[in-house]
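Visitor: Have a look at this one.
The values are calculated or read from the model by the stated rules, or taken from the named source; none is laboratory data. Quantities reported herein were computed from a predicted structural model and do not represent experimental measurements. No Cβ is skipped: glycine too gets one built from the backbone with ideal geometry, and neighbour counts run over all protein chains shown.
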């Protein structure tokens, strides 16, 4: 769960970095999104992470299952070295 939350935060931070870069020279942004590969890539990564977060963090039942399953995995990893 921490990794998913971190990936959402990180992908959002990447978009913010790009927007700060474009803030200095807005003319460098092509009006057609497809012609801005760095922006397209950042937006796609954010969308992918956000959709996973939406599925697992917003739905209370899925969130409970994910927390329970994460606990099982962490407990097993502590008990069995090869599982880690």
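Residues are listed down the side, and each one gets a yes or a no for (1) within 30 Å of residue 15 (Cα to Cα); (2) under 17 Å from the mean Cα position of the chain (by Cα):
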{"site": "45", "(1), (2)": "yes, yes"}
{"site": "50", "(1), (2)": "yes, yes"}
{"site": "54", "(1), (2)": "yes, yes"}
{"site": "57", "(1), (2)": "yes, yes"}
{"site": "60", "(1), (2)": "yes, no"}
{"site": "63", "(1), (2)": "yes, yes"}
{"site": "76", "(1), (2)": "no, no"}
{"site": "80", "(1), (2)": "no, no"}
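Visitor: Additional query: Consider residue 4 carefully, then state whether it is surrounded by 10 or more Cβ atoms within 10 Å (Cβ to Cβ) and either at pLDDT below 90 or closer than 23 Å to residue 68 by Cβ (or both). Spell out how you get there, then give the answer.
Guide: Values: surrounded by 10 or more Cβ atoms within 10 Å (Cβ to Cβ): yes; either at pLDDT below 90 or closer than 23 Å to residue 68 by Cβ (or both): yes.
For residue 4, the condition - surrounded by 10 or more Cβ atoms within 10 Å (Cβ to Cβ) and either at pLDDT below 90 or closer than 23 Å to residue 68 by Cβ (or both) - is met.
Visitor: Let me ask something else. Go through (1) at pLDDT below 85; (2) surrounded by 12 or more Cβ atoms within 10 Å (Cβ to Cβ) for residue 84 and report which single condition fails.
Guide: Exception for residue 84: condition (2).
Visitor: So which residues in the stretch 7-29 are exposed (fewer than 11 other Cβ atoms within 10 Å of the Cβ) and either on the phi > 0 side of the Ramachandran plot or assigned to a loop (DSSP other than H, G, I, E, B) (or both), if there are any at all?
Guide: Result: 25, single match.
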